[in-house]
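S.K.: Could you have a look at this structure, given as structure tokens, before my questions?
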Amino acid sequence: MWRGRVGVAVLLLVAAIVGAPLLGSARGARAGQVEIYSWWTGPGEEDGLRAMVGDFETQNPSVHVVNAAVSGGAGSNAKAILASRLLAGDPPDSYQRHAGQELADDVSSGKVADLSALYAEQGWTSVLPRGLLDNLTIGGKLYAVPVNIHRANLIWYRPATLRSLGIAGPPRTWHEFLQQAATIRAKGLTPLTVGPEWTQKHLLETVLLGELGADGYKALWDGGNAWRRPDTRAAVDTFHQVLAQSDIASSAADWQPQLDRVTSGSAVYAVMGDWAYSYLAIAKKQTWNSDFAAAASPGTDGVFDFLSDSFTLPTGARHPDLARRWLVECGSVAGQDLFNPLKGSIPARTDVDSSHYTGYLAWDLDQWRDPRTRIVGSLTHGVVADNAWNAEIDTALELYLRDGDPARFAEAVATAYEDSR
């Protein structure tokens, strides 16, 4: 079991002992309250949420938002506690999910309401990208409202560090990264820094995308057989070689300290999604393209590996009318333009004011809107694999990190897909 699951287990045990949900339940809340559940507690994301909540409360002065955010584990703690609350029949009024297959279990078990009528009322289908709508649609219906778009396939670095090493730029392929790693190690630095297990899975995702290309990567999620191909096993082996050039033996406790190792100069590269931008630019007050920079992760130039944060209307919510008003805020131009520049993401809507998005976000928005860009969905962040298969991939990856057998890992993932259907 991964270390992060121990803390989750303790939280759930406490919930079972006291016979009540944990952390922010609005049981018995006033009619003028709406409970919003997320995992946004870090720098940037918390600021963005606060800005959107402020606008919502201005538009709805008689309503108070109960912020029931849960920290830790890139959302894994929040998801585990949410599962216990849904099982106990104590849903928040609206909760965060990633767009895509992460929501499928909630839909099939009847835990979330159909929002298709709200989409029609607000005209959202005409202002959201078709590819995003396709990933939000389950069984022909829409169950969540997206607030943003994030990009997963990025490699972060400090330009001054590359200059000091005589390296012209970030690697364009993983083979080039492995060549650079020898130079970096000779200078006493760590080529690649990683954090907890989910960041290592995130790295796996980007290596698979870089080695297999957009079409080969997408084929992995269409069924188990693609995992048995020789090129997939070779890509998994490349991941093992890349990880060998990292600080996995002394990995950072979370993604923020992972990035701190890059900005301090002790490590050269980190693969992380673009929420890193708000952390570095806002929380750490560093300057884009001077103190820090990013590029598409090796082998993925012209490809956008996306994820999207969204909010739902749970079945049995105590204040469904207020929850709908919150969802309108999430889907609005004002809400998205307040939230995203602080979160370090770009808007899900296509009709927002692009002048709000500067530095990295301007480049990111151009990439997302470029018709030549290939769009694929994130594994680690819930787009392409449902919860059952994703959990089995976690287990297989944990074993692979110990035994390093790419064929065994790939076969385990393929078999897990077949067993979970």
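S.K.: What is the set of long-range amide H partners of F304 at a cut-off below 5 Å, with H atoms built 1.01 Å from backbone N?
M.R.: R374, I375, V376
S.K.: Using θ = phi - 60° and the Karplus relation 6.51 cos²θ - 1.76 cosθ + 1.60, list the HN-Hα couplings for the stretch 107-112 in order, rounded to whole Hz, with x at every Gly or Pro.
M.R.: Once θ is set to phi - 60°, the couplings for the stretch 107-112 become 5, 5, 8, x, 8, 10 Hz.
S.K.: Need the full-extension length gain, D90 to K141, defined as separation in residues times 0.36 nm minus the C-alpha distance. One decimal, nm. Walk me through the numbers before you get to the answer.
M.R.: On the way: separation 51, 0.36 × 51 = 18.36 nm, distance 2.41 nm.
Computed gain between D90 and K141 is 15.9 nm.
S.K.: Suppose only helical runs count, i.e. DSSP H with n ≥ 4. What mean residue ellipticity at 222 nm does that imply for the chain under -39500 (n - 2.57) per run, divided by all residues and rounded to the nearest 500 deg cm²/dmol?
M.R.: Only helices count here, giving -14500 deg cm²/dmol.
S.K.: Long-range amide H contacts for L192: which residues qualify at under 5 Å (H placed 1.01 Å from N, peptide plane, sequence gap of 5 or more or a different chain)?
M.R.: Correct list: D247, V268, Y269.
S.K.: Tell me, what % of the accessible area of the chain is carbon and sulfur with a 1.4 angstrom probe? Before the final figure, lay out each step's value.
M.R.: Working: 8340 of 16190 Å².
For the chain, the apolar C and S fraction of the accessible surface comes to 52 percent.
S.K.: Still on this structure: Per 0.36 nm of contour for each residue apart, how much would the distance between D351 and A120 grow if the chain were fully extended, relative to their Cα-Cα spacing?
M.R.: 81.5 nm
S.K.: Next up: Read phi for every residue in the stretch 296-301 and hand back ³J(HN,Hα) as whole Hz from Karplus 6.51 cos²θ - 1.76 cosθ + 1.60, θ = phi - 60°, with x for Gly and Pro.
M.R.: Calculated HN-Hα couplings, in order: 4, 4, x, x, 10, 4 Hz.
S.K.: Also, quick follow-up: Under a plain spin-label model, where a point goes 7 Å from the Cα along Cα-to-Cβ, how far apart in nm are E411 and S290?
M.R.: The two pseudo-label positions are separated by 5.5 nm.
S.K.: As I understand it, the dipole of the chain uses +1 on the Cβ of Lys and Arg and -1 on the Cβ of Asp and Glu, about the Cα centre. Which of G344, A414, L82 lies farthest toward its positive end?
M.R.: Positive-end residue among those listed: G344.
S.K.: For the stretch 326-390, what is the accessible area per residue in Å², given a 1.4 Å probe and the full set of protein chains?
M.R.: That works out to 34 Å² per residue.
S.K.: Which value in Å does the Kirkwood hydrodynamic radius of the stretch 56-106 take, with 1/r averaged over all unlike C-alpha pairs and then inverted?
M.R.: Over the stretch 56-106, the inverse of the mean reciprocal pair distance is 12.8 Å.
S.K.: Now for a separate question. Which lysines, if any, have their Cα less than 27 Å from the Cα of K79, not counting same-chain residues under 8 positions apart?
M.R.: Result set, ordered by chain and number: K111, K141, K201, K218, K343.
S.K.: In Å², what does the accessible area per residue of the stretch 171-238 work out to with a 1.4 Å probe?
M.R.: Each residue of the stretch 171-238 exposes 37 Å² on average to a 1.4 Å probe.
S.K.: Fully extended, how many nm does the chain gain between A249 and D370 (0.36 nm per residue separation, minus their Cα-Cα distance)? Kindly include the intermediate steps, with their values, before the conclusion.
M.R.: On the way: separation 121, 0.36 × 121 = 43.56 nm, distance 3.96 nm.
Difference between extended and current length: 39.6 nm.
S.K.: A further question on this structure: Using amide H atoms built in the peptide plane, which far-off residues or other-chain residues are under 5 Å from G42 H to H?
M.R.: none
S.K.: Ok, one more. Using the Cα atoms of the stretch 172-248 to build a convex hull, what is its mean projected area in square nanometres?
M.R.: 5.3 nm²
S.K.: About the Cα centre of the chain, how large is the charge dipole given +1 on each Lys and Arg Cβ and -1 on each Asp and Glu Cβ? Please answer in debye to the nearest 20.
M.R.: 540 debye
S.K.: How large is ³J(HN,Hα) for each residue in the stretch 137-154, as worked out from phi by the Karplus curve 6.51 cos²θ - 1.76 cosθ + 1.60 (θ = phi - 60°), to whole Hz, x for Gly and Pro?
M.R.: Karplus values, whole Hz, x for Gly and Pro: 8, 10, x, x, 10, 10, 10, 8, 10, x, 10, 7, 10, 10, 10, 8, 8, 10.
S.K.: A follow-up question, please. Please compute the alpha carbon radius of gyration of the chain, then divide it by the globular-protein estimate 2.2 N^0.38 Å. Two decimals is fine.
M.R.: 0.96
S.K.: Can you tell me the orientation of helix 76-87 relative to the chain, as the angle in degrees between its alpha-carbon axis and the longest Cα principal axis, to the nearest 10?
M.R.: Long axis of 76-87 versus the principal axis of the chain: about 30 degrees.
S.K.: Still on this structure: Over the stretch 65-166, what lengths in whole Å, largest first, do the semi-axes of the equivalent ellipsoid take, defined as the square roots of 5 times the eigenvalues of the alpha-carbon gyration tensor?
M.R.: 32, 21, 12
The values are calculated or read from the model by the stated rules, or taken from the named source; none is laboratory data. As the structure is a computational prediction, the values presented were derived from the model and not from experiment. Here Cβ is always computed from backbone atoms with ideal geometry, including for glycine, and neighbour counts include all displayed protein chains. Accessible surface areas use protein heavy atoms only, side chains included; no ligands, DNA or RNA. Shrake-Rupley method; radii C 1.70, N 1.55, O 1.52, S 1.80 Å.
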